[in-house]
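Right, one structure below, let's go through it.
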Amino acid sequence: MSGKRVIAIVLSVILDILALIIGAIVIFASIFGGNLLGALLAFVIVLGLMIAIPLVGVLITKDRPVRINENKTINVEGFEEKHLSIKEIKRVASKYQYGFYLGKTARAIISQANLVEKKINEAKEAVNNRFEPNSITWDRYMGVVNVAADTAITNLDMMARRISVLDEKEYSTLTNPIKHLTHRESLNSGRLEFYKENKEYIDRGIQDNEDMFNRLDTLSIELRKSADNSTKTDAVIEDIEEITSQIKYYN
């Protein structure tokens, strides 16, 4: 509960008590003075004040849903370059990492941002150690790894940009059945669908990157084996190319 709401509740209680005390004095004075109509009128006024004061407090402190233009280009604090840096991706995601609704997703983005360079470098080292640099096979494998690197980082970039237009507090409001009753305008405007679609997109991107990292790990392991296992490594390369194409299609 916010400090603003606590203050409103305390003030409402104090005002209710004051209204009750003043009303009681007026009512008893009217009764002893033989003015029953005045006593009845005072009772109605006091009752009305005791109902109205808490309602006014609720209306003043009611949460307002954040308004976001859903049609604007997704951007993060004015960044226009091809990719956000890994540091910037982690900075954007870190703002959401402790949230109930977006926290798990944000932590996964940060984890992948920490891993992507390591995974790519391990795969490149394995390719360099296995094949003669600038040979046909080396060119093919290194080319696929480079495209995988660019695709994984592009995917992280898009995930960071998408999560940056979401708001943990608004998401909580939209998914809370009790708060729904006071935010019908938000529901009717399709805000909940907007949040669900973007979160599903980000979660799918996380899974795609996870699949990519697993294939890169497999490639690194297989290339370090002394036996000739070109059939298996070729199959892994094809898997990586397939995942890369899939991620590019969604982006």
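Go ahead and run the numbers for FRET between Asn121 and Phe194, Cβ-Cβ distance against an R0 of 30 Å, rounding to 0.05. Walk me through the numbers before you get to the answer.
Values: r = 37 Å, r/R0 = 1.25.
For Asn121 and Phe194, the calculated efficiency is 0.20.
Could you give me the ³J(HN,Hα) list for the stretch 206-218, computed from phi with Karplus coefficients 6.51, -1.76, 1.60 and θ = phi - 60°, whole Hz, x at Gly and Pro?
Values per residue, Gly and Pro as x: 4, 5, 4, 5, 4, 4, 4, 4, 4, 5, 5, 4, 4 Hz.
A short reminder: the numbers here are calculations on the coordinates, not readings from a lab. Nothing here was measured: the structure is a model prediction, and the numbers come from that model. Note: ideal-geometry Cβ built from the backbone for every residue, glycine included; neighbour counts use all protein chains shown.
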